[in-house]
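Heads up: the structure comes next, in structure tokens.
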């Protein structure tokens, strides 16, 4: 799958992420609907200098998405991975890795640490394979990566 390309998104509203919305909902995940709702309501538009939203494409098809925000629970030196989702048929082909690597690259210019929260065991293993360490007994963070 060498034809996957990751781009930083300037305007989520300009993207066709219908396929991501439909499949994520069918799988029981609410994160992509939250992404769209929070973006449309202006609650989270990834517009700060130290924030970004990335898409992964194959041709014109958006196959994955992942965001970087300032961690709202820390003093500003920590970034948070938000709303990672990759279409099922592209999982285990490097799309998620490329998206998270783009987030890590962007975050390393602004933050000392990157954190996230997931209750999905497969996602937890995915992040550990990328060098994140698991955090126990924290309601807000399940994984972190020192930058």
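Summary table
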read-out	value
Enumeration of residues in the stretch 21-57 that are touching a helix residue (DSSP H, G or I) at 6+ places or on another chain (Cβ under 6 Å), closer than 10 Å to residue 83 by Cβ and assigned to a helix (DSSP H, G or I)	24, 32, 39
Residue that is surrounded by the fewest Cβ atoms within 10 Å (Cβ to Cβ), among those in the stretch 83-121 that are touching a helix residue (DSSP H, G or I) at 6+ places or on another chain (Cβ under 9 Å) and within 12 Å of residue 145 (Cβ to Cβ)	113
Per-region count, the stretch 79-98, residues over 16 Å from residue 23 (Cβ atoms) and in contact with a strand residue (DSSP E or B) (Cβ under 8 Å, 6 or more places away or on another chain)	6
Criterion violated by residue 136 - all others in (1) surrounded by fewer than 18 Cβ atoms within 10 Å (Cβ to Cβ); (2) at pLDDT 95 or above; (3) farther than 27 Å from residue 49 by Cβ satisfied	(2)
Residue within the stretch 59-72 that is over 22 Å from residue 18 (Cα atoms) and not in a loop (DSSP other than H, G, I, E, B) present	yes
Criterion violated by residue 80 - all others in (1) over 14 Å from residue 8 (Cα atoms); (2) part of a strand (DSSP E or B); (3) touching a helix residue (DSSP H, G or I) at 6+ places or on another chain (Cβ under 6 Å) satisfied	(3)
Leading residue by the ranking (nearest to residue 52 (Cα to Cα)) among those in the stretch 102-132 that are part of a helix (DSSP H, G or I) and in contact (Cβ under 8 Å) with a residue 60 or more places away in the chain	106
Single residue of the stretch 8-38 satisfying the filter (closer than 15 Å to residue 90 by Cβ and touching a residue at least 60 places away in the same chain (Cβ under 8 Å)) that is surrounded by the fewest Cβ atoms within 10 Å (Cβ to Cβ)	27
Hey, residue 5 within 23 Å of residue 120 (Cα to Cα) and either surrounded by fewer than 18 Cβ atoms within 10 Å (Cβ to Cβ) or under 13 Å from the mean Cα position of the chain (by Cα) (or both) or not	no
Scan of the stretch 13-26 for residues that are touching a strand residue (DSSP E or B) at 6+ places or on another chain (Cβ under 9 Å) and modelled with pLDDT under 95, ordered by number	15, 16
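The values are calculated or read from the model by the stated rules, or taken from the named source; none is laboratory data. On a predicted model such as this, the values are computed, not experimentally measured, just so you know. Note: ideal-geometry Cβ built from the backbone for every residue, glycine included; neighbour counts use all protein chains shown.
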